[in-house]
1. Hey, fewest Cβ within 10 Å first, where do Asp69, Asp55 land in order?
2. For the stretch 43-50, in order, what is each residue's ³J(HN,Hα) by Karplus, 6.51 cos²θ - 1.76 cosθ + 1.60 with θ = phi - 60°, in whole Hz (x at glycine and Pro)?
3. Quick one: order Ser132, Ser113 by neighbouring beta-carbon count within 10 Å, fewest to most.
4. In degrees from 0 to 90, rounded to the nearest 10, what is the angle of the helix 111-139 Cα long axis to the longest principal axis of the chain?
5. Looking at the stretch 118-242, I'd like the Rg to Rh ratio, where Rg is from alpha-carbon atoms and Rh is Kirkwood's inverse mean 1/r.
6. Post the alpha-carbon centroid distance, the stretch 196-223 to the stretch 19-85, in whole angstrom.
7. Give a residue-ordered list of calculated ³J(HN,Hα) values for the stretch 186-195 (Karplus: 6.51 cos²θ - 1.76 cosθ + 1.60, θ = phi - 60°; whole Hz; x for Gly, Pro).
8. Please build a GNM for the chain, connecting alpha carbons under 10 Å apart, and tell me which residue among Thr127, Thr181, Thr101 fluctuates the most.
Amino acid sequence: MAIPFLVIFAASCSEAVKNEGILITGKFLNASGEKIIFRELDVDAFHDLDSIVLDKIGLFRFTHNSSDDGFYILKFAPGEQIILQTGKGEEVIVEADLASTPFSYTIKGSPGSEILREFYIQTRSNTDQADSLRSVIIQFRESPDFYRLSLSFDSLFMEIMESQKLLQKKYIQRYPGSLATLIILNYKFGLVPVLNIKDDFTVYQSVDSVLMKKYPSNKHVLFHHQRVLGFLRQEKENETLKK
């Protein structure tokens, strides 16, 4: 039986990844001429690490010398990207057909990235509903009945948000200790965060407690930890001022 070329391609890099940190290889179909940008998602910024313009075969390979678990992005096509959560020594294989609708992809070798892939698939229904609702709002914004309609729109949007909130809490509870829960915890609909530290503090605190035990020096975990501590300090100060 013939061995897939992509498997050979990835396997040939196994020794290199031990020294280079993480290795991400893959194949994108229907992507000739498409530029793939490999980015690191830092605590407060994006850092472009590498890029490649795909040929007809669509193979790509990125490496990054990191001693810590982190988040990375494969950005391609207008508005399309894949978020990865990887650790040192992981050999991640990503495959996709860029012509597929809706866009989908597969991942091997990265449990954290697979959690995020599942989460985004489950989230798609809510995001599609939210996008459709925004389109309807724009369509009727000049209507004399817009105010009345907007009340219904607000109610529908809150239902979508509540559904998404329950989904995010479910994934956080299902995968305690995974660094991927930080991405899920901070997921937004556009610019609107679904969970927030004031109303959902117990969720923020539980993620902090578990991840600090497992990743005490990870920069993403420490950033989240400082947010939790900052919130507690602010709440304490507010209570003092009320007395």
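No value in this document is a laboratory result; all are computed from the given coordinates. For clarity, every value in this text was computed on a predicted model and none was experimentally measured. No Cβ is skipped: glycine too gets one built from the backbone with ideal geometry, and neighbour counts run over all protein chains shown.
1. Asp55, Asp69
2. So the Karplus estimates, Gly and Pro as x, are 5, 9, 6, 9, 10, 6, 9, 6 Hz.
3. Ser132, Ser113
4. 50
5. Values: Rg = 17.9 Å, Rh = 16.5 Å.
On the Cα set of the stretch 118-242, Rg over Rh gives 1.08.
6. Cα centroid to Cα centroid, the span is 27 Å.
7. Karplus-based 3J(HN,Hα) across the stretch 186-195 equals 9, 4, 10, 8, x, 9, 9, x, 6, 9 Hz.
8. Thr101
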